[in-house]
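These notes are about the structure you will find just below.
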Amino acid sequence: MKSEFHAREAGWVPVDLSGAVEYDKKDPKSLAYFGNDPGDFLTFHFNPNLVIDSGLFGKKPVHNLQYPMWWWTGQGSAEPKQITEGWQVTTVPG
């Protein structure tokens with residue numbers, strides 16, 4: 001189970017609770033799973049029933065939280081709408 005918490009002046013600290021289970025809590029190797037993350041785990045959020053509060057326009061259905069969403073008033077159209085996404089996994093020397 002991966003988790004994280006925010007520590008003031010340190011930022012987001014990763015914790016892999018399931019990885020540390022194999023070590024006794026007194027074993028220094030168990031700390032390798034606290035505040036140390038190789039960055040090899042990527043997750044996205046998807047929920048076809050998600051509803052968020054848009055602020056001025058009330059509750060709106062959204063399918064995921066990975067792309068920008070907007071609501072506005074007035075005349076005109078946002079069509080054609082185009083959202084381009086992309087990501088690439090690379091090996092970092094080190």
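A Cβ distance below 8 Å, combined with a sequence gap of six or more or placement on separate chains, defines the contacts here; from the range 63-79, residues that are surrounded by 10 or more Cβ atoms within 10 Å (Cβ to Cβ) reach residues that are at pLDDT below 75 and of a type outside the set (F, W, Y) in the pairs N64/H45; L65/H45; Q66/H45; Q66/E85; Y67/E85.
Screening the candidates T84, T43 for the property of being at pLDDT 75 or above, loosely packed, with under 10 Cβ neighbours inside 10 Å and either of a type in the set (V, I, T) or in a loop (DSSP other than H, G, I, E, B) (or both) yields one hit, T84. In the range 50-60 there is at least one residue that is among the acidic types (D, E) and at pLDDT 80 or above. Within this structure, V51 fails the test of being more than 22 Å from G11 (Cβ to Cβ), of a type in the set (V, I, T) and in a loop (DSSP other than H, G, I, E, B).
K60 - would you say it is loosely packed, with under 10 Cβ neighbours inside 10 Å, farther than 30 Å from S18 by Cα and without any contact (Cβ under 8 Å) to a residue 60 or more places away in the chain? Before the answer, list the steps.
Values: loosely packed, with under 10 Cβ neighbours inside 10 Å: no; farther than 30 Å from S18 by Cα: yes; without any contact (Cβ under 8 Å) to a residue 60 or more places away in the chain: yes.
In short, no.
The values are calculated or read from the model by the stated rules, or taken from the named source; none is laboratory data. Remember, predicted model here, so these are calculated numbers, not experimental data. All Cβ positions, even for glycine, are placed from backbone atoms using ideal geometry, and neighbour counts span all protein chains on display.
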